[in-house]
Structures are given as structure tokens and as C-alpha cells.
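One structure is given below, represented as C-alpha cells, and several questions about it will come after.
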Amino acid sequence: MAATQCIERLGGWEGYELQDQQVETRGGVRWCVLKLSPKTGALRRCSGCGRIGAAVHDQEERRVRDLPIFDARVELVLPRLRLACPQCGPKLEELAWLDPYARVTTRLAASVSRLCQVMSLRHVAAFYGLAWSTVKLIDHRFLERQLGPPCVQGVEVIAMDEFAIQKGHRYATVIVEPYRKRVLWVGRGRGRLDVRPFFELLGAEGRQRIRAVCMDMSGAFTEEVRFQCPDAEIVYDLFHVLAKYGREVIDRVRVDEANRLRKDRPARKLVKGSRWLLLRNRDHLGDGERIRLKELLDANRALMTVHLMREELKALWAYRHVGYARRFWEHWHHRAMYSRIPALKKFARLLKPLVPGILAHCLWPLGTNLIEGINNRIKVIKRMAYGFRDDAYFFLKIRAAFPGIR
């Protein structure tokens, strides 16, 4: 009797008492089956209107999972009551420890959701002995209740970027509030129509409140921001400009020089194998790599020119005065156009119309480095889940990983 009272107190099944218990073995797993019965005189609350004291309309036996006890899985067997509510009609009884139609208790659901933050659904399902689909549904509902709809009140500055969601050039867009490090919205696609739902979520007043938007040089993002928030400053960040320079200038010159050196096989091999040496930040190079880079640049004038021009271009983002930054850009552009390197001249021409967005960095020193960090975390979330087939659930997981700082 004392053991029964102890389990009942620890169970906390409000409105119910422990009637019987037994231990079973199913498929080599120990199960503790606890039979509950309604307490006499307990107040019953309607789950529809919250009215207390309604009479019992009918009941149906349910089997519900609860948290394990030691190494035994726990199954509750209880009558699920429907109350004869004068206002709502027949309605399930409201229980603080069991949601309507749920097959697991609220505390088991909370424990499952906490574990889903650090483990894959498959491993959580195996740990608790639940179906994969059940674990996903529990976590999905928990995240919806915890996060609610995206809150965009008071947002003035945003950063936006794309990330690969599946193989085959399928992308999604993530929008972040950089100062609070909070993911505001995630949506599939990277076109104008794909990001438009976020601006509709902002509303007319919210769109007018946006003062600056940091992004890569995506034409779709730029056009949609100018259409939705014409007064907002567009800020192009350093990372994407340098990445584009690396692809379109350094890689092109390196390939051209390797082709030119066909007869000099040692020199051609050195140039062909120098891609990451040329693209990496100098501060991250080891002593041996620095020596290799110096030898490579001393031996090839074209690679030295584009490499040094890349390092100088990075300095443009260090300015905080628009006039000085513009003067530096004009000097850099002049040198690029007279470099006699076609790839560098082409890049300078393409970059010129985007200069206002680059110079805006002086007034809004933003970058998508935060989003790049978020994208790396998204990759980890994807790997933990072995990929996601449910966009809504995947995007909730991303929002939950970056709730922001207060």
C-alpha cells in the first residue's frame, strides 16, 4: 500500500489514483503497467469552455505512455472521460498532465522534445521505444507551442542569405535580425516571389520601419527589397564579394596561367595546385604555406596582381567615412581597368553598379558572417536528421536553434 501511494504521489496524475500495477516483459523489454481510476469527488473540467463540475457522459479505456521508471517503460491504462458539458455538449475532460487525444503524457512529450535538441529523431525513438512518426509529431507540436508565429515587431535591420536545402540546386532563404542574432523567417526558394511572404508578414508599417538590409549580391533579393522597402539601405557584405572575386578572377587567371604553362610541367603543376593557397586568408596560413605562396607570386606576375588586388579590395570594408571609401574605390577601379587582365577588368565593370551597396557598409557595418555561422549550424541540424522531408518542421528546428538574445 505504501509503495502504491509513493508511485501515485510521484506520478502526479491529478484527478486519478493508482488502482493496480504489474510488470510485464514484451519482446525482451520490461514494462510497468499502471492502471488508474478516477478519484471519487475530484472536480472535472471541460476541455472546451473550462467549466468545472460537469457530469460524466461516457468513458473509453486508453493506454498512454509515461516517463520510464528505472529501466522499465511505463504504460498507463485509464478511462478517458467525456463530460456532459451544458455549453459544449459531450467534451473530453481537461487534464494538465495529458493533452486531448494524446497517447503520451505531457512530461514525456517535454522530455522527448528536449532530447530532440541534441539527438536525431531515430535515436530518440529508439531510446523511448516510440515510433519515429510519433517522436516527430511530439517535437513538431512542442516547437509550434514554444515558438509561436514569427515575431517581427520593432525590427529595423535584417540580413538575408540562401542555403542549400537539398541536392540539385534547391535552396531556401533565411532572414535574421543581426543585432539580436535571431532567425525571423525561413522559406523555401531564393527568388523574389519566394521571399515576398516575409515582407507581407511585416505589413506596410513594418516595411517602412526597415532601415538597412544586408545581403549578398543576389539580383532577386536586391529587386524585392527595393520594391518592398524603397527607403532601406542595401548593404553588400565582404564575404560574398570576395567569394565572387575568387571564383571569377583568381580561378580564371589561375586556369589561364596553367594553360599557358603547358610546356613547363613543374610550373604548371604548381599553379594548378594553388587554388586554396590563393583563396585562403593570409592570417590563416602556416609558415610553410606562406613560403609557398611567396614563391608562387614571385614567379607569376598575373597571379600576384590579382592576389594583391583582392587584399586591397578587402580594405574597402574597413572605412567608416563614405567620402574616403569612395575615393579608395575609384583608385582601385582605375588600377583594375588598367591591369591588362581581362577577368579583373570584367569583375571591376560588374562591381561598379553595386558600389552604393558596398559604401553603405560605412554607415551600417553589417555582414552576413552571422548568417554564415547559422548556415553551418543548419548543416549540422540536417545531418542529425539525415535530411528533412517536412519543410515546416525543418524551419521550426532552425528557428528554435536561434531564438535570439534579449
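The values are calculated or read from the model by the stated rules, or taken from the named source; none is laboratory data. Nothing here was measured: the structure is a model prediction, and the numbers come from that model. We place every Cβ from the backbone using ideal geometry, glycine too, and count neighbours over all the protein chains shown.
Looking at region 225-281, which of its residues are closer than 22 Å to Ser339 by Cα, in a loop (DSSP other than H, G, I, E, B) and among the charged types (D, E, K, R)?
none
Got at least one residue in region 379-394 being of a type in the set (Asp, Glu), free of Cβ contacts under 8 Å to residues at least 24 places away in the same chain and part of a helix (DSSP H, G or I)?
No, that holds for no residue.
Filter region 253-278 for residues that are in contact (Cβ under 8 Å) with a residue 40 or more places away in the chain and either surrounded by 18 or more Cβ atoms within 10 Å (Cβ to Cβ) or at positive phi (or both) and give the result.
Those that are in contact (Cβ under 8 Å) with a residue 40 or more places away in the chain and either surrounded by 18 or more Cβ atoms within 10 Å (Cβ to Cβ) or at positive phi (or both): Val253, Arg254, Glu257.
Scan region 296-325 and report the pairs whose first residue is not assigned by TED's automatic domain parsing to the domain that holds Leu242 and surrounded by 12 or more Cβ atoms within 10 Å (Cβ to Cβ) and whose second residue is assigned to a helix (DSSP H, G or I) and among the aromatic types (Phe, Trp, Tyr), with Cβ atoms within less than 6 Å and a gap of 6+ or a chain change.
Nothing qualifies.
Still on this structure, please answer the following. Restricted to region 123-171, and to residues that are outside the structural domain of Leu184 (by TED's automatic domain parsing) and aromatic (Phe, Trp, Tyr), which residue is nearest to Val183 (Cα to Cα)?
Phe142
Then there is this: If we keep just the residues of region 123-154 that are touching a helix residue (DSSP H, G or I) at 6+ places or on another chain (Cβ under 6 Å) and under 22 Å from Val74 (Cα atoms), which is surrounded by the fewest Cβ atoms within 10 Å (Cβ to Cβ)? Can you show your working first?
Step one: list which residues in region 123-154 are touching a helix residue (DSSP H, G or I) at 6+ places or on another chain (Cβ under 6 Å), which gives 124-125, 132, 135-136, 138-140, 142-143, 147, 152.
Next, from what is left, pick out any that are under 22 Å from Val74 (Cα atoms): 124-125, 132, 135-136, 138-139, 142.
On the way: Val124: 23, Ala125: 19, Trp132: 13, Val135: 26, Lys136: 21, Ile138: 24, Asp139: 23, Phe142: 19.
Taking the candidates together, the pick is Trp132.
Tell me, yes or no, whether region 191-201 has at least one residue that is touching a residue at least 40 places away in the same chain (Cβ under 8 Å) and basic (Lys, Arg).
No, every residue in region 191-201 fails to be touching a residue at least 40 places away in the same chain (Cβ under 8 Å) and basic (Lys, Arg).
For region 84-102, give me each residue that is exposed (fewer than 15 other Cβ atoms within 10 Å of the Cβ), free of Cβ contacts under 8 Å to residues at least 60 places away in the same chain and in a loop (DSSP other than H, G, I, E, B).
Once the filter is applied, which keeps residues that are exposed (fewer than 15 other Cβ atoms within 10 Å of the Cβ), free of Cβ contacts under 8 Å to residues at least 60 places away in the same chain and in a loop (DSSP other than H, G, I, E, B), region 84-102 yields Pro86, Gln87, Pro100, Tyr101.
Please determine whether any residue of region 160-179 is of a type in the set (S, T, N, Q), more than 27 Å from Lys314 (Cα to Cα) and not in a helix (DSSP H, G or I). Quick ask: steps written out before the conclusion?
Narrowing region 160-179 to residues of a type in the set (S, T, N, Q): 166, 173.
Subset that is more than 27 Å from Lys314 (Cα to Cα): 166.
Still in the list and also not in a helix (DSSP H, G or I): 166.
Yes, region 160-179 has at least one match.
Return yes or no: is Ala299 modelled with pLDDT under 85 and of a type outside the set (S, T, N, Q)?
Working: modelled with pLDDT under 85: yes; of a type outside the set (S, T, N, Q): yes.
When the stated conditions are applied, Ala299 passes them.
Another question, then. From the set of residues in region 70-83 that are surrounded by 15 or more Cβ atoms within 10 Å (Cβ to Cβ) and free of Cβ contacts under 8 Å to residues at least 40 places away in the same chain, which is nearest to Asp99 (Cα to Cα)?
Applying the first criterion (surrounded by 15 or more Cβ atoms within 10 Å (Cβ to Cβ)) to region 70-83 yields 72-83.
If we keep only those that are free of Cβ contacts under 8 Å to residues at least 40 places away in the same chain too, we end up with 80, 82-83.
Values: Arg80: 11, Arg82: 13, Leu83: 15 Å.
Residue satisfying both the conditions and the ranking: Arg80.
Let me ask something additional. Checking Ala204 against (1) surrounded by fewer than 16 Cβ atoms within 10 Å (Cβ to Cβ); (2) modelled with pLDDT under 90: exactly one of these is not met. Which one?
The single condition Ala204 does not satisfy is (2).
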